[in-house]
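The values are calculated or read from the model by the stated rules, or taken from the named source; none is laboratory data. Everything quoted here is computed from the prediction, not taken from an experiment. Methodologically, a virtual Cβ is constructed for each residue, glycine included, from the backbone with ideal geometry; neighbour enumeration extends over all protein chains shown. SASA here: full protein model, heavy atoms, side chains in, ligands and nucleic acids out. Shrake-Rupley method; radii C 1.70, N 1.55, O 1.52, S 1.80 Å.
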Amino acid sequence: EQVQIENDTWRNLFKDYNEPDAVWYLDPPYVGSDIYEHKMSKTDHRKMCERIFGHNPDYPPIEGFVALSGFDNDIYDEFPWDDKYAFELKT
């Protein structure tokens, strides 16, 4: 078994590592958050999800398993995720 940890854009990673046995853990800057040095626009979040689900005929859907971290938001709710888990933060 092999583990590859990358710090790169989702566009590059999807292009370079799209394989059926891949396990994707994506932790992008959260939608609507302004605490990150590197930000993602709402359009980029939507495009990332479109790529995951193959909603763009120019690109194949992502193969393998995808886990995406993020707060609840209207963009992610547009897509047919198999499961959704929420964790309570303790302060």
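Do we find that Phe65 is open to solvent by 100 Å² or more (accessible area, probe 1.4 Å) and within 13 Å of the chain's Cα centre (by Cα) in this structure?
Taking the combined requirement at face value, the residue satisfies it.
Scan the stretch 1-13 residue by residue and report those that are assigned to a loop (DSSP other than H, G, I, E, B) and of a type in the set (A, V, I, L, M). Reasoning before the result, please.
Here is the first cut: in the stretch 1-13, the ones assigned to a loop (DSSP other than H, G, I, E, B) are 1-9.
Val3, Ile5 - these are the residues of the stretch 1-13 that are assigned to a loop (DSSP other than H, G, I, E, B) and of a type in the set (A, V, I, L, M).
Go through the residues of the stretch 43-58 one by one and say whether even a single one is touching a residue at least 12 places away in the same chain (Cβ under 8 Å) and of a type in the set (Phe, Trp, Tyr).
yes
Evaluate the stretch 69-79: report whether one residue or more is open to solvent by less than 100 Å² (accessible area, probe 1.4 Å) and more than 15 Å from the chain's Cα centre (by Cα).
No, the stretch 69-79 has no match at all.
Can you tell me which residue in the stretch 80-91 is nearest to Asp34 (Cα to Cα), limited to those that are exposed (fewer than 10 other Cβ atoms within 10 Å of the Cβ) and aromatic (Phe, Trp, Tyr)?
Residue satisfying both the conditions and the ranking: Phe87.
For Met40, work out the one condition from (1) in a loop (DSSP other than H, G, I, E, B); (2) surrounded by 15 or more Cβ atoms within 10 Å (Cβ to Cβ); (3) touching a helix residue (DSSP H, G or I) at 6+ places or on another chain (Cβ under 7 Å) it doesn't fulfil.
Only one criterion in (1) in a loop (DSSP other than H, G, I, E, B); (2) surrounded by 15 or more Cβ atoms within 10 Å (Cβ to Cβ); (3) touching a helix residue (DSSP H, G or I) at 6+ places or on another chain (Cβ under 7 Å) is unmet by Met40, namely (3).
Looking only at the stretch 44-62, filter to residues that are at negative phi and part of a loop (DSSP other than H, G, I, E, B); which one of those is nearest to the chain's Cα centre (by Cα)?
Restricting to residues being at negative phi and part of a loop (DSSP other than H, G, I, E, B), the top hit is Ile62.
Just checking, does the stretch 73-81 include any residue being at pLDDT 90 or above, aromatic (Phe, Trp, Tyr) and assigned to a loop (DSSP other than H, G, I, E, B)? Steps first, please.
In the first step, residues of the stretch 73-81 are kept if they are at pLDDT 90 or above; the result is 73-81.
Add one more test, that the residue is aromatic (Phe, Trp, Tyr), and what stays is 76, 79, 81.
If we keep only those that are assigned to a loop (DSSP other than H, G, I, E, B) too, we end up with 79, 81.
Taking every residue of the stretch 73-81 in turn, at least one turns out to be at pLDDT 90 or above, aromatic (Phe, Trp, Tyr) and assigned to a loop (DSSP other than H, G, I, E, B).
Of all the residues that make up the stretch 14-37, how many are without any contact (Cβ under 8 Å) to a residue 24 or more places away in the chain and part of a loop (DSSP other than H, G, I, E, B)?
Residues flagged as without any contact (Cβ under 8 Å) to a residue 24 or more places away in the chain and part of a loop (DSSP other than H, G, I, E, B) within the stretch 14-37 amount to 5.
Can you find a residue that is surrounded by 10 or more Cβ atoms within 10 Å (Cβ to Cβ) and touching a Pro at 6+ places or on another chain (Cβ under 8 Å) anywhere in the stretch 21-35?
no
Could you give every pair whose Cβ atoms fall below 8 Å, whose first residue belongs to the stretch 61-74 and is of a type in the set (Phe, Trp, Tyr), and whose second residue is part of a loop (DSSP other than H, G, I, E, B), counting only separations of at least 6 or pairs across chains?
Within 8 Å, the pairs are Phe65/Ala22; Phe71/Tyr30; Phe71/Val31; Phe71/Gly32; Phe71/Ser33.
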